[in-house]
Amino acid sequence: MKKVYSIDRFEGDFAVLVCDDETVLSVSKDIFHDLDLHEGDVFAAREKGDTLEDISPMPEERDKRKAEAKRRLEKLLDRGKNK
């Protein structure tokens, strides 16, 4: 079964991922060698041992999440102006 992950950050040769179930996973960034993925990108994949396989980028989900984060930030900033 595939799970949905987002790339939180890169640390050296590793990618730190956050799964939708809020677990954090660190994998070799080499698994993305043929994909153009960056911090903040979202993808679906299957876990296989200590790595992932069958990685499917989800650019629409990434865009949706970025828009939601922007909306939340703007709401917080607007709330601060009203004090």
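Give me the pairs, please: first residue somewhere in segment 20-39 and closer than 16 Å to R9 by Cβ, second residue anywhere and among the hydroxyl-bearing types (S, T, Y) and at pLDDT below 95, beta-carbon distance under 6 Å, and either six or more positions apart or on two chains.
Note: pairs meeting the criteria are V27/T51; I31/T51.
Specify the residue that is surrounded by the fewest Cβ atoms within 10 Å (Cβ to Cβ); the eligible residues are those in segment 41-58 that are at pLDDT 95 or above and not in a strand (DSSP E or B).
If we take residues in segment 41-58 being at pLDDT 95 or above and not in a strand (DSSP E or B), then M58 is surrounded by the fewest Cβ atoms within 10 Å (Cβ to Cβ).
Considering only segment 36-47, I want to know if a residue exists there that is charged (D, E, K, R) and over 22 Å from A69 (Cβ atoms).
yes
The values are calculated or read from the model by the stated rules, or taken from the named source; none is laboratory data. Computed from a prediction, not measured in an experiment: that's the story for all the values here. Backbone-built Cβ (ideal geometry, glycine too); neighbour counts: all protein chains shown.
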